[in-house]
Amino acid sequence: MKETSAEKWNPITRNPMVGGVTLILAVVLAGSVITALLLRFSTISESTLPYFTYGINAAALLSGGWVSGRKAGRRGWLYGGLTGLVYVLLIFIIGFLAFDTAMRVQPALLLICATSLSALGGVFGVNTGNPLR
């Protein structure tokens, strides 16, 4: 794929982690809107909401890690894992500042799972990359 002049000189669009985190946030936002619409206009109860949340986050982390690994072209596990780490840190900061949450075991488990899922996505991303690099 040929790069445009804007992609060639703009370090933000070339950074694999920025693309991955952006995709994660977009998938989470879209999934949240779809879940809200399902809850409003269907007979799905709120007790199933955690399953939707975990599924949306897992899909977002895998796809964000995949984009990071594909953009990086090498060390997909590292770029994918760092992408997941940045996402979890954003979630921690939002949770701390907006909701005044304290540190518990559950966020540590989220950190481990998110980093692992996005690292796995990064491995898949590198392996589906351009073989001519």
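Can you run phi through the Karplus equation (6.51, -1.76, 1.60; θ = phi - 60°) for region 62-73 and list ³J(HN,Hα) in whole Hz, with x for Gly and Pro?
Each residue of region 62-73 in turn: 4, 5, x, x, 4, 5, 4, x, 5, 5, 6, x Hz.
Got a sec to turn the phi values of region 40-55 into Karplus ³J(HN,Hα) couplings, 6.51 cos²θ - 1.76 cosθ + 1.60 with θ = phi - 60°, whole Hz, x for Gly and Pro?
Values, residue by residue: 6, 10, 10, 8, 5, 8, 6, 5, 8, 4, x, 5, 4, 4, 5, x Hz.
Given an 8 Å cut-off on Cα distances and at least 6 residues of separation, report the relative contact order of region 5-127 as a percent.
It rounds to 33 percent for region 5-127.
Could you work out how far the C-alpha centroid of region 13-29 sits from that of region 61-77, in angstrom?
The two parts, judged by their Cα centres, are 10 Å apart.
Laboratory data are not the source of any read-out in this text; all were calculated from the coordinates shown. Computed from a predicted structure; not experimentally measured.
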